[in-house]
1. Looking at region A:201-209, can you tell me whether even one residue there is facing chain B (nearest Cβ under 9 Å), assigned to a helix (DSSP H, G or I), modelled with pLDDT of 90 or more and farther than 23 Å from A:E113 by Cα?
2. Evaluate region B:36-48: report whether one residue or more is surrounded by fewer than 18 Cβ atoms within 10 Å (Cβ to Cβ), assigned to a helix (DSSP H, G or I) and under 20 Å from the mean Cα position of the chain (by Cα).
3. Just to verify a result, which residue in region C:22-60, among those that are surrounded by fewer than 18 Cβ atoms within 10 Å (Cβ to Cβ) and in contact with a helix residue (DSSP H, G or I) (Cβ under 6 Å, 6 or more places away or on another chain), is farthest from B:E80 (Cα to Cα)?
4. Could you run through region C:176-187 and say how many residues are touching a Leu at 6+ places or on another chain (Cβ under 9 Å) and loosely packed, with under 14 Cβ neighbours inside 10 Å?
5. Six or more apart or on different chains, Cβ atoms under 6 Å: show the pairs whose first residue is in region A:96-115 and in a helix (DSSP H, G or I) and whose second is of a type in the set (D, E, K, R).
6. Tell me which residues, restricted to region A:150-162, are surrounded by 24 or more Cβ atoms within 10 Å (Cβ to Cβ) and either within 9 Å of another protein chain (Cβ to nearest Cβ) or closer than 13 Å to B:L162 by Cα (or both).
7. Taking the residues in region C:61-72 that are surrounded by fewer than 20 Cβ atoms within 10 Å (Cβ to Cβ) and touching a strand residue (DSSP E or B) at 6+ places or on another chain (Cβ under 6 Å) as candidates, determine which candidate is nearest to C:A157 (Cα to Cα).
8. Scan region B:125-177 for residues that are at pLDDT below 90, surrounded by fewer than 18 Cβ atoms within 10 Å (Cβ to Cβ), over 20 Å from C:R59 (Cα atoms) and within 7 Å of another protein chain (Cβ to nearest Cβ) and jot them down.
Amino acid sequence: MGRALRLALAIAGKDLRAELRSRTAFLSAVVFAALVLVIVNFARDPTALPALALAPSALWITFAFGAVVALNRAFAVEREHAALDGLLLAPVPREALYLGKLLANLAFVGTVEAVALPLFVLFFDVPLGHALGGLLMVTALATVGFVAVGTIFSAMAVRTRFAELLLPVLLLPFMVPPIIGAAGLTSRLLDGRPWSEMHGMLRLLVLYDIVFVTLSTLLFPAVMDE
Amino acid sequence: MTPSFASARAAVRRGRIVTAAALAGMAVVYLLALRYTPVEAHQGLAQKIFYLHVPAAWTALLIFSLMGIVSVIFLWLHDERLDLFAEASAEVGLMFSAIMLTTGPIWAKPIWGTWWQWDPRLTLTLFLFFLYVGYLALRSSIHDPLERGRFSAVVAILGMLLVPFIHLSVYLFRTLHPKPVVLKPSAPSLPPEMLRTLLVAFGVCLALYLGLVMMRYGAGVAERLRDAGGEAGEVPDAA
Amino acid sequence: MQPYDGPLLAATDLARAFGPHRVLRGISLSIDAGETLLVAGPNGAGKTTLLRILAGLMRPGAGEVRVRGRRLSHGDPDARRPIGLVSHQSLLYDDRTHAENLAFAARLYGLAKPAAAARDALALAGLADRGGATPRQLSRGLLQRAAIARALLHQPAVLLLDEPFTGLDARAAAQFRDLLRERAALGRALVIVTHQLAEAWELASRVAVLAGGRFALELPRAGALDDFLPRYAGACGG
């Protein structure tokens with residue numbers, strides 16, 4: 001287990017260092033997220049709907065689409081010069097490879113979310129205050145779930161034609177449960193509702209994470225073997 | 001048993017017979033629905049669409065679960081017949097989910113007063129449809145059959161586990177935004193005539209699935225054999 | 001590494017199809033320490049597919065591969081540790097330097113001193129002064145040397161080479177041949193796949209001709225290439 005974790009960290013570290021160096025993908029993803037926020041704001045009738053009423057939807061639409069864009073590139077870097085072959089050739093358990101990719105994707109999507117969140121507070125004039133801690137936890141729980149599935153799907157999609165189109169078609173249905181849970185929790189947190197109203201959705205998020213992280217790890221080898 | 005052109009043709013032939021029988025059964029279901037079952041007090045004649053809608057929904061759900069289970073076994077045994085069966089099932093499943101997606105709103109308009117409601121069950125049918133489409137889209141974009149089998153098996157297995165999550169989350173979503181009370185389509189105590197007709201219709205749908213899948217499976221096997229045989233110079237006899 | 005005296009690389013009845021195209025139809029081979037097998041064949045004969053299966057990158061439709069007696073399977077990552085591959089592509093990341101690329105690969109192999117291993121491998125491939133460059137900055141020939149450095153990094157017992165002389169100039173090719181001869185002398189097993197027999201003929205201890213998905217011919221190398229060429233043409237045609 002120690003060895004698998006060490007390998008996973010080496011792979012994630014490799015991805016993140018490359019990301020830090022070029023920064024293009026990261027900046028594009030952040031700008032993309034900001035644009036989604038702007039569009040959601042303007043795709044509303046300001047006389048009928050106050051910005052705050054739309055805030056949870058805006059946040060989760062942004063996070064969902066930002067994640068899809070980020071995940072599209074997760075395995076694209078492994079394609080040039082067949083670098084993926086290099087990973088598969090090495091004595092690396094497929095599970096460690098999956099874990100490494102998952103960690104890198106989580107770091108990437110998490111950073112995009114961390115930049116989008118203040119923009120969201122700014123654009124939608126959200127009184128975050130006491131809700132911040134809860135919101136961060138909900139974001140983490142939901143993100144782990146759909147990035148886990150997105151990581152295995154992006155490994156598949158990159159080997160097909162129409163990768164950029166296929167990934168969202170496959171992934172968006174899987175984003176629905178975490179997003180329903182997270183958006184519902186977000187609006188309750190912003191309303192300052194008691195915790196007792198949130199148990200059901202929190203349980204949903206936790207259960208989703210457990211099921212799909214486990215399942216994706218188990219199924220990943222089937223995706224890697226040519 | 002190794003697949004051969006003869007066995008593939010036999011599967012198609014048997015499939016045709018079963019399909020024909022199922023279609024005849026469907027006519028019987030229509031008769032039963034119109035003649036045998038009582039008219040529902042609140043919904044009137046519109047309720048009769050349920051003898052098609054509900055069994056189609058059950059069948060679509062059942063097929064997807066079956067695909068998930070078959071895919072698990074496929075990843076374990078790597079028998080390409082399981083993959084062909086899953087592929088055939090997905091196409092038939094897509095048809096059933098299309099049936100329930102069209103019959104649902106047709107029923108909902110007179111009863112709920114709206115074509116669409118985010119009712120957990122109706123929403124689930126929509127997502128089944130999306131999953132079938134995604135599964136088949138993935139299949140059509142991969143050239144190598146071995147890779148196609150493995151990738152689509154992964155999607156089928158993940159999808160099978162997604163279904164309960166969709167149901168649960170939509171249910172939670174609705175408790176967040178309470179809707180005006182709607183008539184629940186399946187009351188707990190159905191009159192025996194209705195229940196019997198519903199079960200007959202379900203049986204007919206299963207038979208239809210079986211027949212269509214046999215035909216599609218046989219055609220799939222023949223296609224693979226033709227591909228493989230064409231390279232080796234064998235000439236398949238005309239089907 | 002545990003001592004082992006069976007064939008370093010053994011394959012039995014390998015078959016692989018891509019949809020309708022049956023690329024390999026029953027290939028068996030066995031290579032002992034110190035041996036170099038030259039696999040020749042026309043374009044599209046299935047040479048690359050064979051090499052990918054031998055490397056464990058592709059699952060065979062039938063048959064199995066054993067490396068140092070251990071069967072290749074994704075559940076057993078350590079079985080592929082003794083394999084080194086020089087493929088058509090460099091397996092390097094464009095936005096990292098060669099030193100970083102190789103140090104990362106060394107980490108994947110669990111080598112004790114990744115940076116030092118990377119430096120040694122680059123020196124071996126004649127790229128000692130190019131560690132700070134990225135693959136993008138190198139010419140085709142120098143990139144091929146970087147790919148060679150990556151393949152030799154963990155001192156593999158089995159070296160698989162796919163058209164390894166592509167892009168190398170005459171001097172680099174000669175140096176590389178010396179390097180491969182050394183590997184064989186050190187008791188490694190080599191498989192060289194090529195359609196340009198002349199470049200690798202002198203290295204080979206055995207020659208196999210892949211045509212129509214089978215070994216149409218397999219024999220110990222003896223004599224000059226010119227004497228072999230008519231038989232090669234016959235095997236490819238037949």
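1. No: zero hits.
2. If we filter region B:36-48 for residues that are surrounded by fewer than 18 Cβ atoms within 10 Å (Cβ to Cβ), which is where we start, we get B:36, B:38-39, B:41-46.
Those still in the list that are assigned to a helix (DSSP H, G or I) too: B:36, B:45-46.
Then drop every residue that is not under 20 Å from the mean Cα position of the chain (by Cα), which leaves none.
Among the residues of region B:36-48, not one is surrounded by fewer than 18 Cβ atoms within 10 Å (Cβ to Cβ), assigned to a helix (DSSP H, G or I) and under 20 Å from the mean Cα position of the chain (by Cα), which makes the answer no.
3. Per the stated criteria, the residue is C:G34.
4. So in region C:176-187, the residues touching a Leu at 6+ places or on another chain (Cβ under 9 Å) come out as C:176-177, C:179-181, C:183-184, C:187.
Then drop every residue that is not loosely packed, with under 14 Cβ neighbours inside 10 Å, which leaves C:187.
Total meeting the criteria: 1.
5. A:A104/A:D15
6. To start, the set of residues in region A:150-162 that are surrounded by 24 or more Cβ atoms within 10 Å (Cβ to Cβ) comprises A:150-154, A:156-157.
Answer for region A:150-162, where residues must be surrounded by 24 or more Cβ atoms within 10 Å (Cβ to Cβ) and either within 9 Å of another protein chain (Cβ to nearest Cβ) or closer than 13 Å to B:L162 by Cα (or both): A:I152, A:F153, A:M156, A:A157.
7. We begin by selecting, within region C:61-72, every residue surrounded by fewer than 20 Cβ atoms within 10 Å (Cβ to Cβ); these are C:61-64, C:66, C:69-71.
Add one more test, that the residue is touching a strand residue (DSSP E or B) at 6+ places or on another chain (Cβ under 6 Å), and what stays is C:61-64, C:66, C:71.
On the way: C:G61: 25, C:A62: 25, C:G63: 22, C:E64: 19, C:R66: 13, C:R71: 15 Å.
The selected residue is C:R66.
8. Of everything in region B:125-177, just one residue is at pLDDT below 90, surrounded by fewer than 18 Cβ atoms within 10 Å (Cβ to Cβ), over 20 Å from C:R59 (Cα atoms) and within 7 Å of another protein chain (Cβ to nearest Cβ), namely B:L176.
The values are calculated or read from the model by the stated rules, or taken from the named source; none is laboratory data. All figures in this text were calculated on a predicted structure; none of them were measured in a lab. Neighbour counts run over all protein chains shown; Cβ positions are idealised from the backbone, glycine included.
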